[in-house]
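Okay, structure first, notes after.
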Amino acid sequence: MSVKRIAPSILAADFANLQRDIELVNDSDADWFHIDIMDGVFVPNISFGMPVLKAITTHAKKTIDVHLMIVDPDRYIKTFAELGSDNLTVHYEACTHLHRTVQAIKAEGMKAGVALNPHTPIASLEDIISDLDLVCLMSVNPGFGGQSFIENTYSKVKQLKSLITAKGASTLIEIDGGVTDKNVKQLVDAGADVLVAGSFVFRSENPQATVSHLRTLANS
């Protein structure tokens with residue numbers, strides 16, 4: 001069985017102590033840094049821009065997993081590569097020519113991911129799944145941290161896993177939103193590979209212990 005990854009979401013970190021929280025993740029059992037970039041258009045919120053991302057990638061020592069919640073992401077693919085992104089995930093709903101966008105991400109040396117909003121069906125990815133390194137299933141409505149987990153996610157994970165298997169693909173399944181120690185095992189059992197956890201990690205008394213606990217549950 002492949003090792004399941006835990007990806008703390010920096011959106012939930014303390015921005016007044018960002019370097020401290022980056023070092024905290026560096027020194028934890030986490031596998032990836034998950035970084036949400038929001039433009040206030042695709043989602044009703046604005047998160048950090050390029051200078052903050054540059055500051056994060058300067059100090060981060062683990063995989064940089066960037067999730068673009070923005071319109072017209074093609075404009076910035078090269079920039080995100082230059083800033084040190086390892087994975088770049090775009091939203092299915094934001095891309096007019098998804099295949100072209102995915103190829104552009106790979107051409108810059110990054111792994112390519114596609115995110116689906118809760119209402120977007122898995123079947124939308126049937127023609128492109130073999131080209132994807134990662135699919136990020138939103139288990140909350142995108143835009144804000146701290147939301148409640150959408151229960152239908154389990155069934156979507158199973159559908160996605162079936163599609164990946166049927167196509168002989170090696171795409172990773174990432175879950176983003178409302179991940180806690182109460183649902184991580186069920187998500188992994190359904191087929192999830194990467195669990196993004198924000199508020200549950202950074203608002204806990206001991207974030208590093210929380211990461212270790214999630215990783216142990218995911219791999220048990």
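The values are calculated or read from the model by the stated rules, or taken from the named source; none is laboratory data. What you see is a predicted model; the values in this text were computed from it and never measured. With ideal geometry, Cβ positions are generated from the backbone for all residues, glycine too; neighbour counts draw on all protein chains shown.
Being crowded, with 20+ Cβ neighbours inside 10 Å and among the hydroxyl-bearing types (Ser, Thr, Tyr) holds for only one residue in Thr180, Thr171, and it is Thr171. The helices (runs of 4 or more DSSP H) falling completely within the range 168-220 that include 2 or more residues that are closer than 22 Å to Glu23 by Cβ map to 199-202, 207-218. Filtering the range 181-199 to residues that are within 15 Å of the chain's Cα centre (by Cα) and over 18 Å from Gln159 (Cα atoms) leaves Val196, Ala197, Gly198, Ser199.
Looking for something farther than 29 Å from Ala123 by Cβ, touching a Ser or Thr at 6+ places or on another chain (Cβ under 9 Å) and at pLDDT 95 or above - is there at least one such residue anywhere in the range 83-104? Even if it seems obvious, please write down each step before you answer.
First pass over the range 83-104, keeping only residues farther than 29 Å from Ala123 by Cβ: 83-84.
Within this subset, residues satisfying the condition of being touching a Ser or Thr at 6+ places or on another chain (Cβ under 9 Å) are 83-84.
From what is left, the residues that are at pLDDT 95 or above are 83-84.
Within the range 83-104, one or more residues are farther than 29 Å from Ala123 by Cβ, touching a Ser or Thr at 6+ places or on another chain (Cβ under 9 Å) and at pLDDT 95 or above.
Every condition in (1) buried (at least 21 other Cβ atoms within 10 Å of the Cβ); (2) out of contact with any strand residue (DSSP E or B) (no Cβ under 9 Å at 6 or more places or on another chain) is met by Ser148 except one, and the failing one is (1). Annotation note: of Val194, Val201, the sole residue that is surrounded by 13 or more Cβ atoms within 10 Å (Cβ to Cβ) and over 17 Å from Val3 (Cβ atoms) is Val201. When Thr58 is tested against (1) surrounded by 14 or more Cβ atoms within 10 Å (Cβ to Cβ); (2) within 25 Å of Arg20 (Cα to Cα); (3) among the hydroxyl-bearing types (Ser, Thr, Tyr), just one condition goes unmet, and that condition is (1).
If you take the residues in the range 164-220 that are acidic (Asp, Glu) and in contact with a strand residue (DSSP E or B) (Cβ under 7 Å, 6 or more places away or on another chain), which one is farthest from Glu126 (Cα to Cα)?
First pass over the range 164-220, keeping only residues acidic (Asp, Glu): 174, 176, 181, 189, 193, 205.
Still in the list and also in contact with a strand residue (DSSP E or B) (Cβ under 7 Å, 6 or more places away or on another chain): 174, 176, 193.
Working: Glu174: 17, Asp176: 21, Asp193: 19 Å.
If we take residues in the range 164-220 being acidic (Asp, Glu) and in contact with a strand residue (DSSP E or B) (Cβ under 7 Å, 6 or more places away or on another chain), then Asp176 is farthest from Glu126 (Cα to Cα).
Consider the range 56-88 and keep the residues that are among the basic types (Lys, Arg) and more than 17 Å from Asp193 (Cα to Cα). The one that is nearest to the chain's Cα centre (by Cα) is Lys61. When you look at Asp39, is it of a type in the set (Asp, Glu) and over 19 Å from Leu83 (Cα atoms), yes or no? In short, no.
Taking the range 29-46 as the range and being buried (at least 20 other Cβ atoms within 10 Å of the Cβ) and of a type in the set (Gly, Ala, Ser) as the test, only Ala30 passes.
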